[in-house]
1. Quick check: is even one residue across segment 386-404 without any contact (Cβ under 8 Å) to a residue 12 or more places away in the chain, surrounded by fewer than 15 Cβ atoms within 10 Å (Cβ to Cβ) and in contact with a helix residue (DSSP H, G or I) (Cβ under 7 Å, 6 or more places away or on another chain)?
2. Identify, by number, the condition in (1) closer than 23 Å to residue 215 by Cβ; (2) in contact with a helix residue (DSSP H, G or I) (Cβ under 8 Å, 6 or more places away or on another chain); (3) free of Cβ contacts under 8 Å to residues at least 40 places away in the same chain; (4) surrounded by 10 or more Cβ atoms within 10 Å (Cβ to Cβ) that residue 49 doesn't meet.
3. Only one residue in 118, 183, 172 is under 30 Å from residue 471 (Cα atoms) and at pLDDT 85 or above, so which one is that?
4. When you scan segment 250-265, do you find a residue that is buried (at least 22 other Cβ atoms within 10 Å of the Cβ), touching a strand residue (DSSP E or B) at 6+ places or on another chain (Cβ under 9 Å) and farther than 22 Å from residue 471 by Cβ, even just one?
5. Among the listed residues 367, 352, identify the single one that is surrounded by 15 or more Cβ atoms within 10 Å (Cβ to Cβ) and out of contact with any helix residue (DSSP H, G or I) (no Cβ under 9 Å at 6 or more places or on another chain).
6. Could you please let me know if residue 95 is surrounded by 11 or more Cβ atoms within 10 Å (Cβ to Cβ) and either touching a strand residue (DSSP E or B) at 6+ places or on another chain (Cβ under 8 Å) or at pLDDT 70 or above (or both)?
7. Out of all the residues in segment 310-342, which are over 27 Å from residue 483 (Cα atoms) and touching a strand residue (DSSP E or B) at 6+ places or on another chain (Cβ under 6 Å)?
8. Which number in (1) more than 49 Å from the chain's Cα centre (by Cα); (2) within 30 Å of residue 33 (Cα to Cα) marks the one condition that residue 68 misses?
């Protein structure tokens, strides 16, 4: 019975083989040999648009399912068939002439072949897994953008092995269809955003839309900023800065990155996680402002009592840093506001007057907001009909933000979470023209910047990303010893020291009574706590 089954199976296989041979040779032996040796499909049909020297990109088979063989250039298929034919002839000749040596050689080559097959299988499996995680989702998202089927997008997209570990050079490429409109900037932006959000590596894009070998997009691993930028090595760049411009650090191309207060919205706001170098950034900025302008001043609110202690005593610098003394912080804001109003009064009489730079810094604004809220609650207990809403000190800060530009007064606000609540809940963030983040979460990026895709936060201390409303740039901030920064800030000081703000410092309420222009003189305006030039008393 067993032999009968085997005989029937063998007969069936023989019939199938004969049918296949007849089908292959139906166009003649010479046609079959030509198709075999030239790499053409044995049936004479074209499955893809592959040519002699170019891979196939478009599937022509009705089922739309073809194997990789049909996408290979014809010269490759011809070479493989020719080599395999010659190899078969050599094996047959060897078996006839020297059986033992031929069998030994076959065993050796079989071992090598099995090892190579295992390695290739591993790579293919790894590639399949990578495709499922990265390429397939990318192809699905690219399909409507490129107006191609997903399977075509998969074939058009190629990523280098371990692309997520590439730090230099090519990461991958995308073969663009012939109908792609190379001048469509919107589609290009969408494609770039897609890759930026899906790839594990930051990349730059090289659009090669001209050439005879097809148009394509090359993705290149984006360089990283340096890990440290010593302040003292870039003093020449700081000296070359325009007024109200400071050196921030180096970008990923190791070019000096500067920021300016000469903007339509000349105020800065930054949201930075703990340990990302907020205080160092503020110290470097303050030192440059005080150094570059002999009459510049800086007023600082620092609730965490760190960093600015070394700057105490510098002419033109004062700080309120006691978290238990909310009145002192409140007075700082009132002082800056009063100086702004006094400068406005001077400007009314003399349109040509130029004021020295003044920066008003609030570090740890979240803590500051909490302190102001508690202080306002204490003040309201002493009032008969206390007003409702946010502490009125935020209205003073708002007016400084709205009106400070005309009098060369600029605000820098830094906090761990720069949401609307942290700045009084009255929409002050819209006045912050230059913004930055470090150690951030996607939600904070969407609130403060709002562009897509959301970049991945980098953990390097001092690594911030800045936005001027037009472009975003990763920068490694300057770093310096506090003592060095103090010495740098002390140079060119031409004004007398103001020290810390006294508790009984007089404050003019310009909301209640705005003095007339005739009642003000320059000396009166700048006495007793507004900065004066030496020798002008």
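1. Scanning segment 386-404 turns up at least one residue that is without any contact (Cβ under 8 Å) to a residue 12 or more places away in the chain, surrounded by fewer than 15 Cβ atoms within 10 Å (Cβ to Cβ) and in contact with a helix residue (DSSP H, G or I) (Cβ under 7 Å, 6 or more places away or on another chain).
2. The one condition residue 49 does not meet is (2).
3. Criteria check complete, one pass: 172.
4. no
5. Within the list 367, 352, the selection yields 367.
6. Considered against the rule, which asks whether it is surrounded by 11 or more Cβ atoms within 10 Å (Cβ to Cβ) and either touching a strand residue (DSSP E or B) at 6+ places or on another chain (Cβ under 8 Å) or at pLDDT 70 or above (or both), residue 95 comes out as yes.
7. Scanning segment 310-342 gives a single hit, 340.
8. Among (1) more than 49 Å from the chain's Cα centre (by Cα); (2) within 30 Å of residue 33 (Cα to Cα), the lone unmet condition for residue 68 is (1).
The values are calculated or read from the model by the stated rules, or taken from the named source; none is laboratory data. Given the structure is predicted, the values throughout are model-derived calculations rather than measurements. Cβ coordinates were reconstructed from backbone atoms using ideal geometry, including for glycine residues, and neighbour counts include every protein chain displayed.
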